[in-house]
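Student: One structure, pasted below without further comment.
The values are calculated or read from the model by the stated rules, or taken from the named source; none is laboratory data. All values reported here derive from a predicted model rather than from experimental measurement. So basically every Cβ, Gly included, is an ideal-geometry build from the backbone, and we count neighbours across all protein chains shown. Remember, those area values only see protein heavy atoms, side chains included, never the ligands or the DNA or RNA. Shrake-Rupley method; radii C 1.70, N 1.55, O 1.52, S 1.80 Å.
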Amino acid sequence: NEALLLQLEVTRYGQNEALVIVRDITRLRNLEQMRRDFVANVSHELRTPLTVITGYLETLQGSDVAPPPWQRPLAQMEEQAARMAALVNDLLLLARLETSECKIGDVPVDVSELIGRVAREARSFSGGRHKVLVQCETDSRIRGDAGELHSAFANLVLNAVKYSPAGGTIQLRWWQDRRGGHFSVQDQGIGIDPVHIPRLTERFYRVDPGRSRGSGGTGLGLAIVKHVLLRHCGEMSIESTPAQGSTFTLHFPEHKLTAKPVPTPKASE
Ligand code: ADP
């Protein structure tokens with residue numbers, strides 16, 4: 001009863017001949033769907049127990065119930081519970097983004113406001129150890145989902161902080177040209193060896209797993225960025241030089257952008 005999913009591959013030979021390969025990928029699609037549902041269900045089920053654990057840990061910390069020698073282990077438990085919560089949230093978000101049926105918002109999202117917000121978040125995350133500069137060349141809006149676009153922009157900006165030494169400058173830039181709108185995040189951080197670049201958007205792919213975990217990363221950030229872009233017809237390019245820094249750029253096509261409306265003049269009294 002179920003619809004078949006066929007994949008066609010056509011190779012032309014000369015003027016009049018072609019080789020057509022038809023593959024039945026129904027089973028593969030179903031397995032993918034099962035994997036996504038499983039991950040989404042597990043993540044969802046883990047949320048409630050985690051909230052309870054975090055709640056009790058917060059209460060115990062700093063209270064008289066737990067004697068002083070317990071305060072350090074309690075703080076560590078709370079930190080690990082927070083890491084787990086971040087992972088569960090990212091897994092749920094990714095499962096939602098991967099479901100093509102999942103509805104995407106279609107509202108004009110103010111780019112300068114969004115960049116201002118992620119810059120403030122980056123400054124607070126860095127604790128003043130980095131300089132975060134913003135350059136917005138046009139007042140634009142991207143038509144799409146405000147929450148998803150925030151996740152994509154924030155992941156890039158927080159990565160720039162995580163993978164840069166203190167004292168580094170992080171430059172955020174938005175500009176428009178005939179190809180569309182572009183958001184770039186440039187850092188003066190550790191950089192990435194070119195061999196890793198094609199695999200960075202795979203789930204849990206990390207250049208240096210120890211460093212990434214230590215800085216609170218879930219290993220899902222760039223996979224989330226990739227899926228948000230797919231849903232907004234966008235693309236990402238990465239340029240990097242080890243020990244010098246990286247630039248991650250998101251490109252949005254013209255048809256996803258709307259100009260900021262000109263404010264209507266106030267009626268004269
Ligand atoms: P993570 O949670 O590990 O940061 P991401 O998916 O966001 O996961 O990134 C994948 C990997 O790409 C990181 O572990 C890191 O090795 C590398 N990476 C991402 N952003 C940068 C950056 N700005 N500078 C250097 N390496 C980066």
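Student: Quick check for you: with a 1.4 Å probe and neighbouring chains kept, what is the accessible area per residue of the chain, in Å²?
Tutor: 62 Å²
Student: Okay, next question. Between residue 230 and residue 38, what FRET efficiency comes out of the Förster formula 1/(1 + (r/R0)^6) with R0 = 22 Å and r the beta carbon distance, rounded to 0.05?
Tutor: 0.55
Student: Show that you can apply the helix-only estimate: for the chain, add -39,500 (n - 2.57) for every DSSP H stretch of four or more residues, divide by all residues, and state [θ] at 222 nm to the nearest 500.
Tutor: -14500 deg cm²/dmol
Student: Rank 187, 64, 208 by mean-square fluctuation in a GNM of the chain with C-alpha springs under 10 angstrom and give only the top-ranked residue.
Tutor: The residue that fluctuates most here is 64.
Student: Please compute the modelled spin-label separation between residue 193 and residue 45, points set 7 Å along Cα→Cβ, answer in nm with one decimal.
Tutor: Output for this residue pair reads 4.0 nm.
Student: Follow-up question, since we're still on this one. Please list the three semi-axes, largest first and in whole Å, of the ellipsoid equivalent to the range 120-210, using sqrt of 5 times the eigenvalues of its alpha carbon gyration tensor.
Tutor: The three semi-axes for the range 120-210 are 23, 18, 13 Å.
Student: While we're looking at this one, here's another question. Work out from phi, with θ = phi - 60° and the Karplus expression 6.51 cos²θ - 1.76 cosθ + 1.60, the ³J(HN,Hα) of each residue of the range 36-51, listed in order in whole Hz, and give x for Gly and Pro.
Tutor: 4, 4, 4, 4, 5, 5, 4, 4, 5, 5, 6, 5, 5, x, 5, 5
Student: At a Förster distance of 45 Å, what's the computed FRET efficiency of residue 60 paired with residue 25, Cβ-Cβ distance as r, to 0.05?
Tutor: With R0 = 45 Å, the Cβ-Cβ based efficiency is 0.30.
Student: Here is a follow-up. Just to be sure I understand: if I project the alpha-carbon convex hull of the chain onto a plane and average over all orientations, what area do I get in nm²?
Tutor: Taking the Cα atoms of the chain, their convex hull projects to 24.9 nm² on average.
Student: Residue by residue through the range 209-219, which ³J(HN,Hα) values in whole Hz follow from phi under the Karplus form 6.51 cos²θ - 1.76 cosθ + 1.60 (θ = phi - 60°), with glycine and proline marked x?
Tutor: With coefficients 6.51, -1.76 and 1.60, one gets x, x, 5, 5, 5, x, 8, x, x, 9, x Hz.
Student: Calculate the FRET efficiency for residue 120 and residue 79 from the Cβ-Cβ distance with a Förster distance of 22 Å, rounded to the nearest 0.05.
Tutor: Computed FRET efficiency for residue 120 and residue 79: 0.40.
Student: For residue 256, give me every one of the aspartates and glutamates with a C-alpha distance below 19 angstrom, ignoring sequence neighbours fewer than eight places off in its own chain.
Tutor: 106, 110, 113, 137, 139, 145, 148, 177, 235
Student: Using only protein heavy atoms and a 1.4 Å probe, report how much of residue 236 is accessible, in Å² to the nearest 10.
Tutor: 50 Å²
Student: Still on this model: In sequence order, what are the phi-derived ³J(HN,Hα) couplings for the range 132-141 according to the Karplus relation 6.51 cos²θ - 1.76 cosθ + 1.60 with θ = phi - 60°, rounded to whole Hz, with x for glycine and proline?
Tutor: Working through the residues one at a time gives 10, 9, 10, 9, 10, 7, 9, 8, 10, 10 Hz.
Student: So, taking all protein chains as they sit and a 1.4 Å probe, how much accessible area belongs to residue 28, in Å² rounded to tens?
Tutor: Probe radius 1.4 Å; accessible area of residue 28 about 110 Å².
Student: Okay, next question. Per residue and in Å³, how big is the convex hull formed by the alpha-carbon atoms of the range 75-117?
Tutor: For the range 75-117, the hull spanned by Cα atoms encloses 96 Å³ per residue.
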